[in-house]
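**Student:** Following this message is one structure expressed as structure tokens.
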Amino acid sequence: MRRRIAIIGLVSATVLTLGACSNPNSGGGGGTAVADGTAKVQAKELTVWVNAVELEAVKAVYKRFGDKYGVKMNIVEMPTDNFESGVQTRWASGERPDVLEYHATSLFWALNPEQNLYDLSKMPFASRAGDIYKDAGSHNGKVYAAITDTPSLFGIFYNKDVFTRNGLNIPQTFADLEQVCATLRQKDPNAIPIWESGGSAWPVQILSGLMYMGSAQQSENWAQQVTDKKTTFNAPGGPFVAGLNQYKKFKDTGCFNKDATTAKFEDALPALAKGQAAMVALPTGLADMIADQFGGDRAKTAQHIGFAYPSATGAVSIWAPNVAGTWYVPKTGNGDRESTALAFIQYATGEGYQTYVDESGTFPLLEGAQPPKGGYSGLAKEFNDAYETSTAYAFNSNLSGFNVEFPNYVTGILSGSETPEGAAEKSQKVFEQAAKLAKLPGW
Amino acid sequence: MTGATRTATRRWWHFAAPALALTIGFFLIPFLLNVYFAFTDWTGFTAAIAPNGLDNFIGLAEAGILGNAIRVTVFYAVIAMILQNAVSLGLALLLQRTTAFNSWLRTLFFIPVLISPLAAGYIWGALLSPVGPLNQAIGLVVPGFDFAWLGSGGSALVSVAFIDVWKWSGLVTLVYIAGLNAIPPSLIEAAMIDGASAWQRFWRVKFRLLAPAFTFSVVVTFLGALNAFDIVQATTRGGPGAATTVLNIAMFRQYTGGFFGSASALSLVITILVVGIGIPLIAFLRRREVEA
């Protein structure tokens, strides 16, 4: 009898535990502060979760705000390698910072913004950011992210000396890229036409997808069509499969380095600087790391390195918001701290913004701010021109589920274990599964 | 039964309670929650969690994630288990006698066990690079040798399984040495007097009597390898393609994307694999012990 009671007790406790189990993402306590640009500093301390690889100019924003308002800024660095999973782990267990630095892509949708984050739509910066919130940092028409840093552009860094030596023109299309590759293989066989970094995985999606898809993204907002079920990744004759086939062609015709499947992007930088590699597809956020190859001399870097942004049918620079300088204000349940966090956003996007632009040396994102006092440094002018001339939002940014798996499909193509058509089919399946689970409209 | 014995019998649970509480709190409840969440649509995207039947498993299977991850995980575990036991048994036979030199060698082979799996992964990632020390050494015999061990599907999986073998063989070796030393020397002497050769002494006497150590080592290495994650994450991150995407790597990606229900489903598959393979394996090996 006693044993039966014990078993019933254990089962009841388990059932109650399961029944009481609720999604920590539904926490959403607090939310009492007003996010309209009038928040006051009411707390003496703020906790900020940041990516461990942080821009110096962004770090300076925390310091200046802390010094000016007497707020102690507890900066919690999350390891870069597992940044997303680290944030998810803490978030899913109900832990919240006062300010969160995070992606402005669909990755932040997985934080259940409606429930857990302040809607910043009515803050003054939201109306000074041009069209950026049509694509990034927003969800269901509401702005949740305060994006301050210049977007990262994805394109080709090329060695000007190699190009000049071989009489090459700057590529505008993928056909041009193919031509550059063919010329180099013939005239300068010691130079690697395109350095690819399969060992780091994430860089391989730039050339194979982001850049090629730029034309389709710019002309017909291809990613939105996938979300709206008007096309698919594996549509016959579609741009996605064509891009992967073009990528495979580069590989098959020897355009890549021999160790493309295992090489790391860190190895690409000295190879590019020394002219061992003619081109490398990377984000502009790494410009300082390229400059480090020239002793940190940005002017000298710009003399030897250029930035091109070819796409399938014309030059289109691909942009995506940086994690650095992209902030969210979670609802923590502590009104004083929430108000102070909003005041920090007001400072970073308002009175402190121009200083930030001057320090970072890049072009301003928010209207009303002037270009950096010292002028554009190094390649920043080229980046600015690329962004102003022709740009499109990175197609994979808001395709949930797919954006996590895409690099693996491309390394599969690199290693020969995956075909472009197979990768496209898997991409469609993985997106469909994610879209249903994420309950995207129409799924 | 005396009064003191009765009191002791009544109070047994006082001693069992801490262990029981820890087991329930840190094993049973998380396990039951994982089973429950595997059949729900739990994501970070919305607040509600609702049962969704087998949808997570079906979705993962249709996307080619589930079948591939099971195949890769089992293949990885089989390679790791076979190599680890073969290498460890060989080392144990060589280092069985306790001499100063053997003790030094045992320590040397045990050092990898103490290294963090992530560190082991990073070290071997560098050693196996196309321009790394291994290829340079091979290049002395085969000039220009630059094979990317971690860059093609088949060799990448075998390479990461080999790192697992390197990491844990020292521990399994100690188990086999303990097993060998537990065999009564008189049995070996009797076999020698009967004219048994070295191979016959090993195969017909030692290997038979090593059955308990063999059971333990095979089960631990195989089930341990089914849980592979850190070494793979540090070397290939599941690539190239899906060549080394073991179940835990696939689960980690689902989790990173905020798909916690799907991640739980993959976690449950690991549990099913461990139980589904582990219990028959143990039963088979225990039967073999009795026969031995």
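The values are calculated or read from the model by the stated rules, or taken from the named source; none is laboratory data. Model, not experiment: these values are computed from the prediction. When we count neighbours, we look across all protein chains shown, and the Cβ atoms used for this are built from the backbone with ideal geometry, even at glycine. Areas reflect the complete protein model, heavy atoms only, side chains present, ligands, DNA and RNA absent. Shrake-Rupley method; radii C 1.70, N 1.55, O 1.52, S 1.80 Å.
**Student:** Treat every Asp and Glu Cβ in region A:21-130 as -1 and every Lys and Arg Cβ as +1, leave all other atoms uncharged, and give the resulting dipole magnitude about the Cα centre to the nearest 20 debye.
**Tutor:** Its charge dipole is roughly 460 debye.
**Student:** Further, regarding this structure: With only Lys, Arg, Asp and Glu charged, each at its Cβ (+1 for the first two, -1 for the last two), find how big the charge dipole of chain B is about the Cα centre; round to the nearest 20 debye.
**Tutor:** In total the dipole reaches around 900 debye.
**Student:** Using a 10 Å cut-off on Cβ atoms, rank the peptides A:195-203, A:377-385 from the highest mean neighbour count down.
**Tutor:** Packing proxy ranking, top to bottom: A:195-203, A:377-385.
**Student:** How far is it, in nm, from the label point at A:D336 to the one at A:E45 when both lie 7 Å from their Cα along the line to the Cβ?
**Tutor:** Roughly 1.1 nm, to one decimal.
**Student:** Let me ask you something else. Express in Å², to the nearest 10, the accessible area of A:F265 obtained by rolling a 1.4 Å probe over the protein heavy atoms while all chains stay in place.
**Tutor:** The value for A:F265 is about 30 Å².
**Student:** Still on this structure, please answer the following. Over region B:55-291, what percent of the accessible surface lies on carbon and sulfur atoms, probe 1.4 Å?
**Tutor:** About 72 percent, which is the carbon plus sulfur part of the accessible surface.
**Student:** Looking at chain A as a GNM with Cα springs under 10 Å, which of A:G275, A:G375, A:G295 has the largest mean-square fluctuation?
**Tutor:** Per the Cα network of chain A with a 10 Å cutoff, A:G295 tops the list.
**Student:** Hey, another quick one. Calculate how steeply helix A:174-187 sits against the longest principal axis of the alpha-carbon atoms of chain A, using the helix alpha-carbon long axis, and give the answer as 0 to 90 degrees to the nearest 10.
**Tutor:** Rounded to the nearest ten degrees, it is 50.
**Student:** Which value in nm describes the separation of the simple spin-label points at B:I183 and B:A198, placed 7 Å from the Cα toward the beta carbon?
**Tutor:** 1.4 nm
**Student:** Any chance you could check region A:239-263 for residues losing 10 Å² or more of accessible area when the partner protein chains are in, compared with the chain on its own (1.4 Å probe)?
**Tutor:** So the qualifying set is A:K258, A:D259, A:T261, A:T262.
**Student:** With a 1.4 Å probe and all protein chains left in place, how much accessible area per residue does the protein assembly as shown have, in Å²?
**Tutor:** Accessible area per residue, the protein assembly as shown: 43 Å².
**Student:** Quantify how strongly other chains surround peptide A:400-410 by giving the mean number of their Cβ atoms within 10 Å of each of its Cβ atoms.
**Tutor:** Other-chain Cβ atoms within 10 Å of each residue's Cβ, averaged: 5.
**Student:** Give the long-range amide H neighbours of A:S152: residues separated by 5 or more places, or on another chain, with amide H under 5 Å away, using H modelled in the peptide plane at 1.01 Å from N.
**Tutor:** So A:S152 has HN proximity to A:A320, A:N322.
**Student:** Quick one: longest stretch of chain B between exposed loop trypsin sites (Lys or Arg not before Pro), exposed meaning at most 13 other C-beta atoms within 10 Å and loop per DSSP?
**Tutor:** In short, B:98-292.
**Student:** Let me ask you something else. Farthest toward the dipole's positive end in chain B, which of B:G276, B:V74, B:Y255, given Cβ charges of +1 (Lys, Arg) and -1 (Asp, Glu) about the Cα centre?
**Tutor:** B:G276
**Student:** Take the Cα atoms of the protein assembly as shown, find their three principal axes, and give me the spread along each one in whole Å, biggest first.
**Tutor:** 93, 72, 51
**Student:** Rounded to the nearest 0.05, what FRET efficiency is calculated for A:A175 and A:N221 with R0 set to 25 Å and r the Cβ-Cβ distance?
**Tutor:** 0.60
**Student:** Run the 1.4 Å probe and let me know the accessible area of A:E114, rounded to the nearest 10 Å².
**Tutor:** For A:E114, solvent-accessible area is about 100 Å².
**Student:** Continuing with this model, one more query. Taking only C-alpha pairs under 8 Å that are 6+ residues apart, what is the relative contact order of region B:55-291 in percent?
**Tutor:** The normalised contact order for region B:55-291 reaches 30 percent.
**Student:** Highest mean first, what order results for B:256-268, B:13-25 on Cβ atoms within 10 Å?
**Tutor:** Listed from highest to lowest mean packing, they are B:256-268, B:13-25.
**Student:** How would region B:1-139 be classified by its alpha-carbon gyration tensor: rounded, prolate or oblate, with rounded meaning a/c under 1.5 and the a/b versus b/c comparison settling the rest?
**Tutor:** Oblate, since a/c reaches 1.5 and b/c is not below a/b.
**Student:** What whole-number distance in Å separates the alpha-carbon centres of region A:205-273 and region A:139-174?
**Tutor:** Distance between centres, Cα-based: 14 Å.
**Student:** Give the residue from A:A348, A:A386, A:Q42 lying farthest towards the positive end of the charge dipole for chain A; charges sit on Cβ (+1 for Lys and Arg, -1 for Asp and Glu) and the dipole is referred to the Cα centre.
**Tutor:** The listed residue farthest towards the positive side: A:Q42.
**Student:** With a 10 Å cut-off between alpha carbons and a GNM built on chain A, which of A:K229, A:K264, A:K142 moves the most?
**Tutor:** Checking each option, the largest mean-square fluctuation is seen for A:K229.
**Student:** Another question, then. Please check region B:246-265 for residues whose accessible area, probe 1.4 Å, is lower by 50 Å² or more when all protein chains are in place than in their chain alone.
**Tutor:** B:R253, B:Y255, B:T256, B:F259
**Student:** Can you give the FRET efficiency for A:D385 and B:D146, using 1/(1 + (r/R0)^6), R0 = 51 Å, r = Cβ-Cβ distance, to the nearest 0.05?
**Tutor:** 0.80
**Student:** If you don't mind, there's one more thing I want to ask. Could you tell me the total accessible area buried at the B-A interface, probe 1.4 Å, in square angstrom to the nearest hundred?
**Tutor:** 3600 Å²
**Student:** Here's another thing I want to ask about it. Which value in nm describes the separation of the simple spin-label points at B:A17 and B:R287, placed 7 Å from the Cα toward the beta carbon?
**Tutor:** 4.4 nm
**Student:** Related question: How many partner chain Cβ atoms sit within 10 Å of a residue's Cβ in peptide B:59-66, on average, as a whole number?
**Tutor:** Mean shielding count: 5.
**Student:** Farthest toward the dipole's positive end in the protein assembly as shown, which of B:I65, B:T43, B:A100, given Cβ charges of +1 (Lys, Arg) and -1 (Asp, Glu) about the Cα centre?
**Tutor:** B:A100
**Student:** Right, another one. Under unit Cβ charges (Lys, Arg +1; Asp, Glu -1), what dipole magnitude, rounded to 20 debye, does the protein assembly as shown have relative to its Cα centre?
**Tutor:** In total the dipole reaches around 2720 debye.
**Student:** Right, another one. Is region B:146-223 best put as rounded, prolate or oblate by its Cα gyration tensor, with a ≥ b ≥ c the root eigenvalues, rounded for a/c under 1.5, and otherwise prolate when a/b is larger than b/c, oblate when not?
**Tutor:** Prolate, since a/c reaches 1.5 and a/b exceeds b/c.
**Student:** Residues with amide H under 5 Å of A:N51's amide H, sequence separation 5 or more or different chain, H placed in the peptide plane at 1.01 Å from N; which?
**Tutor:** Correct list: A:M78.
**Student:** Okay, moving on. If the label point is 7 Å along Cα→Cβ of A:D358, which residues in region A:49-65 have backbone nitrogen under 18 Å from it?
**Tutor:** Label zone hits: A:56-65.
**Student:** Now for a separate question. Given springs between every Cα pair under 10 Å in a Gaussian network model of chain B, which of B:I111, B:I193, B:I183 has the largest fluctuation?
**Tutor:** B:I193
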